[in-house]
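Here's the structure we're looking at; comments come further down.
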Amino acid sequence: MTDRRAFLIVMDSVGIGGAPDANAYFNDGLPDTGANTVAHIAQARPLRMPHLDALGLGAAIRLASGETAPGLGAEPQGLWGAATERSRGKDTPSGHWEIAGVPVPWDWHYFPNTRPAFPADLTGRIAQAAGTEGILGNEHASGTEIIARLGAEHLRTGWPICYTSADSVLQIAAHEEAFGLDRLHRLCRDVAALVHPMRVGRVIARPFMGAEGGFARTPNRRDYAIAPPGPTLLDVAQDAGRATHAVGKIGDIFSHRGIGKLHKGKSDADLAGHLLALADEAEPGSLTFANFVEFDSLYGHRRDVAGYAAALEWFDGVAGALISRLRPGDLAIFTADHGNDPTWHGTDHTRERVPVLGWGCGARGIGQVGFADIAASVAAHLGLPPVGPGRSFL
């Protein structure tokens, strides 16, 4: 077994524009053509990201989309390129699964942007599983907005707040104390069993606390995702006897398959601590797979350009600290699962190419690659059997 280790880090929603099929994906009824998360943030306020830019972030943006990102103009000193997704979606499971070597072979089920959004038989079964006479919401909505609007009624009635978005998802919000956190998680697990056969990708528990006028979501979110349709990089690594570490929501995304140890936290700052500790402690031959979600959840969906910019610059410091801890023979790849351009219309993800930035394999451009090529490359680095349809760029 090789002593080489691999660290695969997904910067959730950090897209770089240029997806060739962006015109087939929409926000507020308008196509995603021209969306570019990092470039548009930098054009609003030049970014200072010396570590990721030194690997090739600015060069990857120019390759992916032809756009320039003020502040990101370094000559690449690492592996750099841009990846294009082939799965038909711009969601978390599609992006992560394909990065792990398994493109999605089906079309996801999306609930219509109507009121009600859910079919009556499903609504009845959700209420039955919750032990209530009905549900609240039943529409497309922003999670923070619908809690502010319906939280008080939820406390009066005890009914769960159910909503969806442009993703293949059913989200259920409930008060941690009045409804109960364990009860909410059980409800979401039961509802996932109802909707996964429909090809709904995730049921997400969205607990909140507070009183009317001051409701706030808590960190105790949990995703109940449909299982990947084939063996992923995590499965192959674990089957080969390698230690596998999942940082953040990777466990939920992969239905906890192929994962040896979970490293969770209440914030991306907590997850950064786990990642840096693993750089010191992860076993020889191991795979660490991390997701940093707050770019997406706190700033992209809320169209907060300044907050997203600050988060990118903070994470660049994390990347630099990780690189300084890595050992000879280690590989670190920084990438993303989709875009979420905070300058764009609407509140949903944007269909974009993503950066592929690597440390540990010299300075080289790899050009345009596929998401699945990332899994193939990590597998090759670790001396694992081939994973999925991708080809290694190492």
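Structure summary
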quantity: Residue count for region 126-182, restricted to those that are without any contact (Cβ under 8 Å) to a residue 24 or more places away in the chain, open to solvent by 30 Å² or more (accessible area, probe 1.4 Å) and either under 30 Å from T350 (Cβ atoms) or of a type in the set (K, R) (or both); calculated: 3
quantity: Residue match in region 291-311 (condition: at pLDDT below 95, β-branched (V, I, T) and within 30 Å of P207 (Cβ to Cβ)); calculated: no
quantity: Any hit, region 68-86, residues being in the same structural domain as T347 (by the TED database) and free of Cβ contacts under 8 Å to residues at least 24 places away in the same chain; calculated: yes
quantity: Residue count for region 259-277, restricted to those that are touching a residue at least 60 places away in the same chain (Cβ under 8 Å) and either farther than 26 Å from G15 by Cβ or among the hydroxyl-bearing types (S, T, Y) (or both); calculated: 0
quantity: Check on T350, under 20 Å from the mean Cα position of the chain (by Cα), within 17 Å of V38 (Cβ to Cβ), surrounded by 17 or more Cβ atoms within 10 Å (Cβ to Cβ) and touching a residue at least 40 places away in the same chain (Cβ under 8 Å); calculated: yes
quantity: Residues of region 31-50 that turn out to be within 19 Å of H338 (Cβ to Cβ), in contact (Cβ under 8 Å) with a residue 24 or more places away in the chain and surrounded by fewer than 23 Cβ atoms within 10 Å (Cβ to Cβ), as a count; calculated: 1
quantity: Which numbered condition D28 fails, given (1) open to solvent by 10 Å² or more (accessible area, probe 1.4 Å); (2) under 30 Å from D280 (Cβ atoms); calculated: (2)
quantity: Within region 230-262, tally of residues that are within 20 Å of I204 (Cβ to Cβ) and of a type outside the set (D, E); calculated: 13
quantity: Filtered residue count, region 105-126, keeping only those that are under 17 Å from A192 (Cα atoms) and in a loop (DSSP other than H, G, I, E, B); calculated: 7
quantity: Any strands (runs of 3 or more DSSP E) falling wholly within region 136-197 and containing at least 3 residues that are closer than 18 Å to A211 by Cα; calculated: 169-175
quantity: Whichever residue in region 1-25 is open to solvent by 10 Å² or more (accessible area, probe 1.4 Å) and under 18 Å from the mean Cα position of the chain (by Cα) and, among such residues, is nearest to Q238 (Cα to Cα); calculated: A19
quantity: Single condition A319 does not satisfy, out of (1) open to solvent by 20 Å² or more (accessible area, probe 1.4 Å); (2) more than 17 Å from the chain's Cα centre (by Cα); (3) over 18 Å from E85 (Cβ atoms); (4) aliphatic (A, V, I, L, M); calculated: (1)
quantity: Residue in region 333-343 that is of a type in the set (S, T, N, Q), closer than 18 Å to S165 by Cα and modelled with pLDDT under 95 present; calculated: no
quantity: Number of positions in region 110-125 that are among the hydrophobic types (A, V, I, L, M, F, W, C) and surrounded by fewer than 15 Cβ atoms within 10 Å (Cβ to Cβ); calculated: 1
quantity: Elements of type helices (runs of 4 or more DSSP H) in region 202-314, at least 1 residues being open to solvent by 40 Å² or more (accessible area, probe 1.4 Å), over 20 Å from H338 (Cβ atoms) and of a type outside the set (K, R); calculated: 233-239, 268-281
quantity: Selection status of H196, more than 26 Å from G346 (Cβ to Cβ) and surrounded by fewer than 20 Cβ atoms within 10 Å (Cβ to Cβ); calculated: yes
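Yes/no matrix, rows are residues, columns are (1) open to solvent by less than 10 Å² (accessible area, probe 1.4 Å); (2) farther than 30 Å from G29 by Cβ:
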{"residue": "I323", "(1), (2)": "no, yes"}
{"residue": "A332", "(1), (2)": "yes, yes"}
{"residue": "T343", "(1), (2)": "no, no"}
{"residue": "V369", "(1), (2)": "no, yes"}
{"residue": "A376", "(1), (2)": "no, yes"}
{"residue": "G388", "(1), (2)": "no, yes"}
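The values are calculated or read from the model by the stated rules, or taken from the named source; none is laboratory data. Keep in mind that what you see is a predicted model, and the values were worked out from it rather than measured. Note: ideal-geometry Cβ built from the backbone for every residue, glycine included; neighbour counts use all protein chains shown. Surface accessibility is based on the protein's heavy atoms, side chains included, excluding ligands, DNA and RNA. Shrake-Rupley method; radii C 1.70, N 1.55, O 1.52, S 1.80 Å.
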